[in-house]
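Q: Have a look at this one.
The values are calculated or read from the model by the stated rules, or taken from the named source; none is laboratory data. Predicted, not measured: the structure shown is a model, and the values here were computed from it. Counting neighbours? That spans all protein chains shown, and the Cβs are built from the backbone with ideal geometry, glycine included.
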Amino acid sequence: MEKEAADPEPAWGRLPKPSYWLSQPTGPDRAPLEGGISSDFAIVGGGFTGLWSAIRLAEAVPGARIVVLEAREVGFGASGRNGGFAMTMVGRSLHDLVRKVGPAGARRVHLEMVAALGEIERFCADEAINCQLSHPGILTVSSGPEQDLRVEQDLRAARRCGLDDFREVIGPECWEMVRAHGVRRGHFEEHGLLLDPAALARGLRDAAERRGVEVFEHTPVTRLDARPYRVQLATPRGQVDSRQVLVATNAYARVVPQLRRYLFTVCAYITLSAPLSEEQWARVGWAKGMGIEDKRIMPHFHRPTADGRILWGGRDAPLLAGPPDPARDSDPRIFRRLEETFRQTFPQLSDVPLEHGWGGPVGGTVACIPHAGWLERGRVLYALGYSGHGVGPSALMAKVARDLLLGRATPLTELPLVTRRLTPLPPPPLQARMLELSQRVLQRSDDEGGASGPLARLALRLLR
Ligand SMILES: Cc1cc2nc3c(=O)[nH]c(=O)nc-3n(C[C@H](O)[C@H](O)[C@H](O)COP(=O)(O)OP(=O)(O)OC[C@H]3O[C@@H](n4cnc5c(N)ncnc54)[C@H](O)[C@@H]3O)c2cc1C
């Protein structure tokens, strides 16, 4: 049999770090942990979940010894590689959230998310975190009948929840906001923020340190032993003996045996254009610079960046039964498919090259709703599973984790992020097949313009 030719890498610039954002110059990394220490709270993972949690714990318990142990550098995981959309969305959509937790639960989550986005914006201003944060809102768009229906479902869900912050936008107004080919209607939410995620992660690390938190980079936790009153964490050159532990490793938590039944890895991808000239920007409009996400099941998301580029991400999202695989962080075939839809959406930018592409691992759960739960009651908590929308929700999750770790019963610990149980995946041989099949069917259905076929409906049902 003839061997298929290898897919050549696109001729784009290779990035020195796993994303454009992480490749921007920064100060030195923090030193790894050397020797043995003890702590009140040890946080494993220096992404948004770990760093926000460290900050919220330090504020709640001044004087507590809090350590963050990060395997590489802060933001190395999804937090330093994402699109930088901080949205109110938890899970797939408001409609989906209402279906899963009811209108009252969805309303509470949504209002907490609105508050969390306000807190992110204020925190960055107060702490002088220069993460190019803007507040242009998020436009969700449809480019076909099936997506029209999903826009309508969100608007109806908002009405059911008594929320008045989803504004319907019809064709001509969409076109005024951005001249994107094929866009027919949508809804607009003003709360959405755009930011540089790696700069936010580094800024959160510094803000945590100002509150007395000790951050150790290049310190992978290789073993976690829960004893009756303490938890021992092993790292290559040191150990931590801690009263309580938060596992904030998102997709990487797939290596924790108790979580393997619930968590899978979603590979997400982004491309980035060269900077546009003023004349090229004039061709697309987009004066208000809002973030845009479409209504495919595996959506596209796009936004302008502070340095005048267009970030174009989404479309294919392979689902893996195993833990994150660095070999999947770059996939020329997926970058080419992203370029294809970029060209279809902005034909007026045929002279704008795409310069960079990267990918990263996201922790997926069957219901697509993030979750905080105990591995060892009172000792080891985990908080994860944002399924592609974690920039905003991780700030809310940090407050939930704080209250759980401090043993406080608050309205936050009554949110569905805590009370709704994780749905198990099927056992291993079936798990991989189900994920592979679901992804293939959903991707094809998206590419063909809808999810109405029986196979696509089945795949969606499996991922509920
Ligand atoms: C390409 C892409 C685009 C995305 N776009 C968006 C978007 O625009 N908006 C949005 O809301 N969400 C987006 N997401 C999802 C979002 O980035 C994540 O939900 C969020 O960053 C999760 O944060 P986290 O801190 O829980 O996990 P992570 O950021 O993955 O952090 C986990 C950390 O744990 C560390 N770690 C792992 N194992 C160990 C160990 N054994 N010891 C110590 N440390 C360890 C890792 O190195 C990593 O730094 C995107 C994700 C990707 C990949």
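Q: Looking at (1) farther than 19 Å from Gly388 by Cα; (2) out of contact with any Leu (no Cβ under 9 Å at 6 or more places or on another chain); (3) more than 16 Å from the ligand (Cβ to nearest atom), which is the one condition that is false for Pro257?
A: (3)
Q: Next question, about the same structure. I'm checking my understanding of the structure. Among residues of region 218-237 that are more than 12 Å from the ligand (Cβ to nearest atom) and assigned to a strand (DSSP E or B), which one is surrounded by the fewest Cβ atoms within 10 Å (Cβ to Cβ)?
A: Asp225
Q: If you check Val215, Val240, Val245, which single one turns out to be in contact with a helix residue (DSSP H, G or I) (Cβ under 7 Å, 6 or more places away or on another chain) and assigned to a strand (DSSP E or B)?
A: After ruling out the rest, the residue left standing is Val215.
Q: Then there is this: Can you name the number of the only condition in (1) over 23 Å from the mean Cα position of the chain (by Cα); (2) in a loop (DSSP other than H, G, I, E, B); (3) of a type outside the set (Ser, Thr, Tyr); (4) away from the ligand (no atom under 15 Å from the Cβ) that Pro16 fails?
A: That leaves (1) as the condition not met.
Q: Could you tell me whether Gln147 is touching a residue at least 12 places away in the same chain (Cβ under 8 Å) and either touching a Leu at 6+ places or on another chain (Cβ under 7 Å) or basic (Lys, Arg) (or both)?
A: Against the criterion (touching a residue at least 12 places away in the same chain (Cβ under 8 Å) and either touching a Leu at 6+ places or on another chain (Cβ under 7 Å) or basic (Lys, Arg) (or both)), Gln147 does not qualify.
Q: Identify the residue in region 298-311 that is assigned to a strand (DSSP E or B) and in contact with a Gly (Cβ under 9 Å, 6 or more places away or on another chain) and, among all such residues, is farthest from the ligand (Cβ to nearest atom).
A: It comes out as Pro304.
Let's see how each residue does on (1) of a type in the set (Asp, Glu); (2) more than 18 Å from Gly322 (Cα to Cα):
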| residue | (1), (2) |
| --- | --- |
| Asp403 | yes, yes |
| Glu414 | yes, yes |
| Arg433 | no, no |
| Gln443 | no, yes |
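Q: Also: So which of His389, His371 ends up being within 8 Å of the ligand (Cβ to nearest atom) and crowded, with 23+ Cβ neighbours inside 10 Å?
A: Of the residues listed, the single one that is within 8 Å of the ligand (Cβ to nearest atom) and crowded, with 23+ Cβ neighbours inside 10 Å is His389.
Q: Another one. State the number of residues belonging to region 26-82 that are small (Gly, Ala, Ser) and crowded, with 24+ Cβ neighbours inside 10 Å.
A: Final tally of qualifying residues: 12.
Q: Can we say Leu200 is within 30 Å of Ala54 (Cβ to Cβ) and at pLDDT 95 or above?
A: yes
Q: Moving to a separate point now. Taking Arg461 and the conditions (1) buried (at least 16 other Cβ atoms within 10 Å of the Cβ); (2) modelled with pLDDT under 95; (3) closer than 23 Å to Leu263 by Cα, which numbered condition does it fall short on, given that it satisfies the others?
A: (1)
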